[in-house]
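Before any comments, here is the structure.
Just so it is clear, none of the values below were taken in a lab; they were calculated from the coordinates. Predicted, not measured: the structure shown is a model, and the values here were computed from it. Cβ: placed from backbone, ideal geometry, glycine included. Neighbour counts: every protein chain shown.
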C-alpha cells in the first residue's frame, strides 16, 4: 500500500505494478510475463564493494526477462546484471536512475538476455565450478 501511494504521488503508478506476496511458482510465472524486473540492493556503508547477491536475481535470470539493478556499482549484482545484458544504475546516482527509467519509458526495456550471457549462471555450470573449487581444496 505504501509503495502504491508513493508511485501515485510521483506520477508513476501507470508504469509499475506492485504485487502482494504470492506463492513462489506464481512469482516465477509473473516474472516471465513481465517487461522488466527490478532489484534494489542496500547502499554500501563501509565497504568498497557489495558482497550481496539477492536470491531473487537467480530467479530473475532464469525468467529470461531483462533486469534493472539499482545497486552499488562494484559488486556481484552489478557484475551479473551487466554481463547478462541488463541495466545497472549506481544506487548513489539519482540522475542515472532517473535517466534509465526515462529511457525505458521512451524506448522500452532492453532485449531479453542472450542465452550465451546466461550460460555461466546455469545450474549445471555452477555445479561444475563448485566441484572444481572443491577438487582444488583437496590438493
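Given the C-alpha centroids of region 74-138 and region 28-64, what is the distance between them in whole angstrom? First find each Cα centre; the distance between them is then 9 Å.
Between residue 82 and residue 56, the contour length at 0.36 nm per residue exceeds the alpha carbon distance by 7.8 nm. Anyone know which of 54, 109, 72 comes out most mobile in the 10 Å Cα GNM of the chain? With Cα springs under 10 Å in the chain, the top fluctuation among 54, 109, 72 is at 54. Taking only the C-alpha atoms of region 1-68, the Rg (one decimal) and the largest Cα-Cα distance, Dmax (whole number), read 14.2, 38 Å.
Averaging 1/r over every pair of different alpha carbons in region 43-125 and inverting the result gives a Kirkwood radius of 13.4 Å. Of 21, 80, 70, the residue with the greatest mean-square motion in the GNM of the chain, using alpha carbon springs below 10 Å, is 21. Distance from a point 7 Å along Cα→Cβ of residue 33 to each backbone N in region 80-115: keep the residues under 20 Å and list them by number. Of the residues in region 80-115, 109, 112 have backbone N under 20 Å from the label point off residue 33. In terms of overall dimensions, the C-alpha atoms belonging to the chain reach 60, 36, 29 Å along their principal axes, ordered largest to smallest.
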